[in-house]
Ligand code: NI
């Protein structure tokens with residue numbers, strides 16, 4: 001574990017009260033934990049903006065009856081074979097499939113993959129969860 005450093009923060013009382021209410025709602029046990037998470041969140045956002053190596057998860061919901069959609073999804077994932085780490089497929093019901101694609105690579109490439117998947121006809125919803133490889137966030 002890295003060395004812990006203590007430092008003081010000056011804040012307006014009103015702002016601190018709001019912060020305390022917020023972190024209580026989010027179940028933080030102390031301010032340090034909450035501030036650590038805020039810092040990491042900002043660092044991860046920066047990693048994505050700067051086009052660094054990132055990690056994430058793409059989720060898709062699609063109707064597998066739609067002509068060619070399954071094949072298209074597979075073809076694209078092969079094209080991005082170095083970025084796609086793993087794919088999980090869940091048959092949600094008779095019509096709908098959920099696919100969770102774990103990704104790692106340059107932020108630009110991951111975002112490109114996300115956009116391509118979203119644009120496929122038959123994909124009803126797509127999200128990209130942006131996280132980090134963990135190397136640069138302490
Ligand atoms: Ni399915």
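Any read-out appearing in this document is the output of simple, stated calculations on the displayed coordinates, not a laboratory observation. Everything quoted here is computed from the prediction, not taken from an experiment. FYI the Cβ positions are ideal-geometry reconstructions off the backbone, even for glycines, and counts take in every protein chain you see.
Here are a few things to note about the model shown:
- First in the stretch 91-102 and under 12 Å from residue 77 (Cα atoms), second anywhere and within 8 Å of the ligand (Cβ to nearest atom) and part of a strand (DSSP E or B), Cβ under 7 Å, 6 or more apart: 99/89
- Filter result for residue 55 (closer than 23 Å to residue 116 by Cβ, loosely packed, with under 12 Cβ neighbours inside 10 Å and out of contact with any helix residue (DSSP H, G or I) (no Cβ under 6 Å at 6 or more places or on another chain)): no
- Given (1) touching a residue at least 40 places away in the same chain (Cβ under 8 Å); (2) in contact with a helix residue (DSSP H, G or I) (Cβ under 8 Å, 6 or more places away or on another chain), index of the condition residue 80 fails: (1)
- Pairs where the first residue, in the stretch 18-35, is in contact (Cβ under 8 Å) with a residue 60 or more places away in the chain and the second is surrounded by fewer than 13 Cβ atoms within 10 Å (Cβ to Cβ) and assigned to a helix (DSSP H, G or I), C-beta under 7 Å, 6+ apart: none
Yes or no, residue by residue, for (1) closer than 30 Å to residue 6 by Cβ; (2) surrounded by 12 or more Cβ atoms within 10 Å (Cβ to Cβ):
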site: 23; (1), (2): yes, yes
site: 62; (1), (2): no, yes
site: 89; (1), (2): no, yes
site: 103; (1), (2): no, yes
site: 115; (1), (2): no, no
site: 122; (1), (2): no, yes
site: 134; (1), (2): yes, no
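- Failed condition for residue 36, given (1) outside any helix (DSSP H, G or I); (2) surrounded by 10 or more Cβ atoms within 10 Å (Cβ to Cβ); (3) out of contact with any helix residue (DSSP H, G or I) (no Cβ under 9 Å at 6 or more places or on another chain): (1)
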